[in-house]
1. Could you give every pair whose Cβ atoms fall below 8 Å, whose first residue belongs to segment 70-94 and is on the phi < 0 side of the Ramachandran plot, and whose second residue is surrounded by 10 or more Cβ atoms within 10 Å (Cβ to Cβ), counting only separations of at least 6 or pairs across chains?
2. Restricting the search to segment 159-191, which residues are of a type in the set (Asp, Glu), more than 16 Å from the ligand (Cβ to nearest atom) and in contact (Cβ under 8 Å) with a residue 12 or more places away in the chain?
3. Take segment 192-219 and flag every residue that is more than 16 Å from residue 35 (Cβ to Cβ), within 16 Å of the ligand (Cβ to nearest atom) and basic (Lys, Arg).
4. Select from segment 231-256 the residues that are crowded, with 17+ Cβ neighbours inside 10 Å and farther than 20 Å from residue 156 by Cα and write down the one among them that is nearest to the ligand (Cβ to nearest atom).
5. Being in a helix (DSSP H, G or I), aliphatic (A, V, I, L, M), exposed (fewer than 10 other Cβ atoms within 10 Å of the Cβ) and modelled with pLDDT of 95 or more, is that true of even one residue in segment 83-98?
6. Give the residues of segment 247-260 that are over 9 Å from residue 178 (Cα atoms) and out of contact with any Phe, Trp or Tyr (no Cβ under 9 Å at 6 or more places or on another chain), sorted by residue number.
7. Taking the residues in segment 180-192 that are hydrophobic (A, V, I, L, M, F, W, C) and within 19 Å of the chain's Cα centre (by Cα) as candidates, determine which candidate is farthest from residue 248 (Cα to Cα).
8. From (1) crowded, with 20+ Cβ neighbours inside 10 Å; (2) under 23 Å from the mean Cα position of the chain (by Cα), pick out the condition that doesn't hold for residue 159.
Amino acid sequence: MKLSKGQMGARLLGLAEGGVALAASGAASAELGQPAPWEYRLQEAATPVMENITWFHNFLLVLITVITLFVLGLLVAVVIKFNARSNPIPSRTTHNTLIEVAWTLIPVLILVGIAVPSFRLLFLELDIPKADLTIKATGKQWYWSYAYPDNGKFEFDSLMAQDKQPRLLGVDNEMVVPVNKVVRVQTTGADVIHSFAVPAFGIKIDAIPGRLNETWFKATKTGMFYGQCSELCGKDHAFMPIAVRVVSDQEFASWVEEAKKKYASTPGNAYASAAGAAQ
Ligand SMILES: [Cu+2]
């Protein structure tokens, strides 16, 4: 197929417009706490940690873009100005103290500039503030179990629900937490290594058999937030979603009352029955 210049231009313009429209609609249809079609950015932050991660990501993106363009500019200048044709008699300079000090010091300063916010973020993630409640998430082949030791010591299983939306992320029993409260999440694995990850909260932590890991989040928005096991843990690895419902304090309190009754008699609820026996 042969295209005239005008047709070609129109086609390219059309493609560009389509791209812009796609990007705009992608941003518009992006729902809080879950992936969106054609999404290329991080999910919208729902915790202070994720806000920090997003800021750091954007900061680094700007920095590496500027550095890459600068290096590209230098390369282009060298290619154009110093090739054999335009520069037949090359300079014999081998030393320039000012430039050598500059190209040592400036990268060091850039790295320090990256290290400061990087360590601040690391400490924010690892220093768990005084927790309002603790939830223990146990990874199993291939679903999650959530225990609430501070709220009546019940435990329940959370399995992917085929009939629920979003597809492959909906579960039968969601983890429920109160908004604006520090939730400490302890993770372990019952069989193999799993990993507890919720993108909008900025958390991802391994769930390892025989070991208790912990992380935390403080959701500042209510709604549904979805994640996934992020460790290759067997054939149904892709089908053990994590769904967290963030609700108000009153809603959480009434959910706890309901959950205590609903899950008290769950057969095989080893955690609750062991806790009951110990009392
Ligand atoms: Cu897993």
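The values are calculated or read from the model by the stated rules, or taken from the named source; none is laboratory data. In this text, all values refer to a predicted model and were calculated from it rather than measured experimentally. Virtual Cβ from ideal backbone geometry, glycine too; neighbours counted across all protein chains shown.
1. 81/87; 86/80; 90/82
2. If we filter segment 159-191 for residues that are of a type in the set (Asp, Glu), which is where we start, we get 163, 172, 174, 191.
Narrowing further to those that are more than 16 Å from the ligand (Cβ to nearest atom): 163, 172, 174.
Passing the criteria: 172, 174.
3. 211, the sole residue that qualifies.
4. The qualifying residue nearest to the ligand (Cβ to nearest atom) is 233.
5. Applying the first criterion (in a helix (DSSP H, G or I)) to segment 83-98 yields 97-98.
From what is left, the residues that are aliphatic (A, V, I, L, M) are 98.
Right, trim to exposed (fewer than 10 other Cβ atoms within 10 Å of the Cβ) and you get 98.
Filter again for modelled with pLDDT of 95 or more, leaving 98.
Within segment 83-98, one or more residues are in a helix (DSSP H, G or I), aliphatic (A, V, I, L, M), exposed (fewer than 10 other Cβ atoms within 10 Å of the Cβ) and modelled with pLDDT of 95 or more.
6. Taking segment 247-260 and keeping what is over 9 Å from residue 178 (Cα atoms), we get 254-260.
Passing the criteria: 254, 255, 257, 258.
7. Among them, the one singled out is 185.
8. If we test residue 159 against (1) crowded, with 20+ Cβ neighbours inside 10 Å; (2) under 23 Å from the mean Cα position of the chain (by Cα), just (1) comes out false.
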